[in-house]
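Encoded as structure tokens, the structure appears first; notes follow it.
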Amino acid sequence: MERPGRLKGRVPHPITVIDVSLTGCLVRCGNLLKPGAILDFEMDLDDGPVTTKVRIADASVDGAASGESGQGCLAGLEFLGLPPREDARLRRFLDEERRRRRSADASPR
């Protein structure tokens with residue numbers, strides 16, 4: 001999965017969300033983020049962005065990232081107080097993703 005998003009603090013950071021759950025996500029970004037920092041998070045869904053506060057749980061340089069993407073760092077983000085409306089939208093998105101993956105896995109090749 002790859003979804004565009006943004007982290008907003010003093011300096012905005014474009015990100016690519018590469019894995020997501022109800023408690024947090026893994027993102028690829030262009031700058032090494034500071035663990036412990038709290039930022040505003042947005043991830044684009046089909047019906048608009050999901051927004052919440054996140055804490056940078058971990059960050060590292062991604063040795064496997066291609067230089068062309070300009071996004072050579074990974075960060076694990078922990079959702080802080082995901083609002084109920086955003087939680088419901090994220091749950092729907094995750095359910096739809098699971099259904100899509102099951103359908104793709106079950107389709108004949």
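The values are calculated or read from the model by the stated rules, or taken from the named source; none is laboratory data. Fair warning: this is a prediction, and the values are worked out from it, not measured in the lab. Neighbour counts are summed over all protein chains in view; Cβ atoms, including those assigned to glycine, are modelled from backbone coordinates with ideal geometry.
Details
- Qualifying residue in region 96-104 (condition: at pLDDT 90 or above, under 13 Å from the mean Cα position of the chain (by Cα) and under 19 Å from Met1 (Cβ atoms)): no
- Members of region 35-50 found to be among the β-branched types (Val, Ile, Thr) and surrounded by 18 or more Cβ atoms within 10 Å (Cβ to Cβ), listed by number: Val50
- Test result for Ala88, out of contact with any strand residue (DSSP E or B) (no Cβ under 8 Å at 6 or more places or on another chain) and either surrounded by 13 or more Cβ atoms within 10 Å (Cβ to Cβ) or aliphatic (A, V, I, L, M) (or both): yes
- Just one of the listed residues (Leu77, Leu32) is surrounded by 16 or more Cβ atoms within 10 Å (Cβ to Cβ) and either at pLDDT below 95 or not hydroxyl-bearing (Ser, Thr, Tyr) (or both), namely Leu77.
- Flag for Ala65 being modelled with pLDDT under 95 and in contact with a Cys (Cβ under 9 Å, 6 or more places away or on another chain): yes
- Per this entry, Gly24 is counted among residues that are within 21 Å of Arg91 (Cα to Cα) and surrounded by 14 or more Cβ atoms within 10 Å (Cβ to Cβ).
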